[in-house]
1. Report, in order of residue number, the helices in the chain meeting two criteria: a C-alpha extent of 18 Å or more along the helix axis, and a mean Kyte-Doolittle hydropathy of at least -0.5; treat each whole DSSP H run as one helix.
2. For a label point 7 Å from the Cα of THR184 along Cα→C-beta, name the residues of the stretch 74-93 whose backbone N is under 20 Å from it.
3. Computed over the Cα atoms, what is the radius of gyration of the stretch 231-320 divided by 2.2 N^0.38 Å, N being its residue count?
4. Compute the accessible area per residue over the stretch 174-300, keeping the other protein chains in place, probe 1.4 Å, unit Å².
5. Using the Cβ atoms and a cut-off under 14 Å, what net charge is assigned to the surroundings of VAL376, where Lys and Arg are +1 and Asp and Glu are -1?
6. Please compute one quarter of the surface area of the Cα convex hull for the stretch 96-142 and express it in square nanometres.
7. For the chain, what does the helix formula give at 222 nm: sum of -39500 (n - 2.57) over DSSP H segments with n ≥ 4, over the residue count, nearest 500 deg cm²/dmol?
8. For the stretch 296-411, count all C-alpha to C-alpha pairs, find those more than 24 Å apart, and express that count as a whole percent of the total.
Amino acid sequence: MTERPNILWYCTDQQRFDTIGALGNEFVQTPTIDSLVNSGTAFTHAFCQSPICTPSRSSLMTGMYPSRVHNTRNGNRSFPESTPLISKLIADNGYSCGMIGKFHLQSSGHRTEPRLDDGFNFWKFSHAPRDDWPTGHDYADWVRDQDADLDQLRNSPDRVPPELHQTKWASDMAFEFLNQQTPTTPWLLNINVYDPHPPFIPPRAYADRFDPEQMPGPYFQDSDLDQQRLLSGVDFQDEVRSPEEHKAKQKQADYYAMIAQIDDQLSRILKQLETTGQLENTLVVFTSDHGESLGDHGLMYKGCRFYEGLVRVPLIFSWPGQIQAGLQSHGLVELLDLTATLLDYTHTPTPSTLQGKSLRPILEGSTPSDHHRDSVRCEYFEALDPHFTHGTGSMATMYRTEHYKLCVYHDQNLGELYDLEADPWEFRNLWDESAHAEIKNRLILESFNSHVCLTTDVGSERIAPM
């Protein structure tokens, strides 16, 4: 066994936290992910730093809050050149690094996303499973090489079959990467599949396994419609509707079907690692960039809100014999902490810009597992283009403790306050209730202090007292 582990970092897109059987969802089919929960450590309260792809992924790849990276929007022309990516740092520290699928630190609209100084020596790119790019889309080329038409399959009644699906392609590319590795060099493989991102169009073979009528449906009360009307000027991708109008149970069934396919394809990779004798020295990480509303509170897809389903994500580590098995840690965690943990396990010197806090002490049992942070933070600063929201570009932050969640829509002079102990699914907004004015004011101050201390860029390195 080498001193430093291999890293299999599997990141889905838009998968909410409550979609795993071993963590309490009886409607999903996730035996592979369940096995990771049982053999490793699951952080049940892990939060992304933005509910939107590019700012969240920018945060993950740098260990900095999106506003500190200066990369808060989807559709951006470029990425700040001075900001080091952790893949580059880890590669410079002796790892062979591969990337498969979506990267999305810069816009892939009207172009293939340009490469950065990312450290990857293996790069198989697929921003989305559409044939929208004339060059540089490795997955579409792979489908075309098999005499199939990707867009035609997407629009067919059976959708893209499992054997031609992007999720399956990602596993095939993982095999290609693994076959190129040598025993003397540790590796890191970052797999970024597009599912379960909308549109919710799983292969028919998976969709047929989930009956919409048997789905539990979203977290919704009639009062949600009134609350969302108050927030109607705040960015969001879809119109506010009742679960029936959203056809939420059908979408939930399709969403779970997409996750079932992810689970099967992750299983293929883990079996390959086991067959080749690499699993015992591989730290497996399963997570997602942000969540999905899925009909909660009358909302579908994503936008400028901070409800649990949208900002809380899976975060599971497995490395049998090296980290704690069967542990569910309920302390507050940010995805920045995953960044710090990867640097820690690869023995990579941490940059001065790193804002995450390694989870290794919890994983190895040297510190209590019930607390990691006093609070977590999430941002939305003009993150979605008006093309998707018909809005004007909202500016909002979330500040969450174990007990309360404060959301401030800074450009609208609106806010939300939830007592998560009494109201875990956020149905009763306490923002305007006089009985909670004191706690609201205290949290606003704490959130403001957090924002100033964590996101202020003080400029270049100081070289002298004057």
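The values are calculated or read from the model by the stated rules, or taken from the named source; none is laboratory data. Note that the coordinates shown come from a computational prediction; the quantities given were computed from them, not determined experimentally. We place every Cβ from the backbone using ideal geometry, glycine too, and count neighbours over all the protein chains shown. Only protein heavy atoms, including side chains, enter the accessible area calculation; ligands, DNA and RNA are left aside. Shrake-Rupley method; radii C 1.70, N 1.55, O 1.52, S 1.80 Å.
1. 166-179, 437-455
2. Zone members listed by number: 91-93.
3. That ratio works out to 1.43.
4. Roughly 39 Å² per residue, with all protein chains present.
5. Net local charge, VAL376 excluded: -1.
6. 3.2
7. Using -39500 (n - 2.57) per qualifying helix, the result is -8500 deg cm²/dmol.
8. 40
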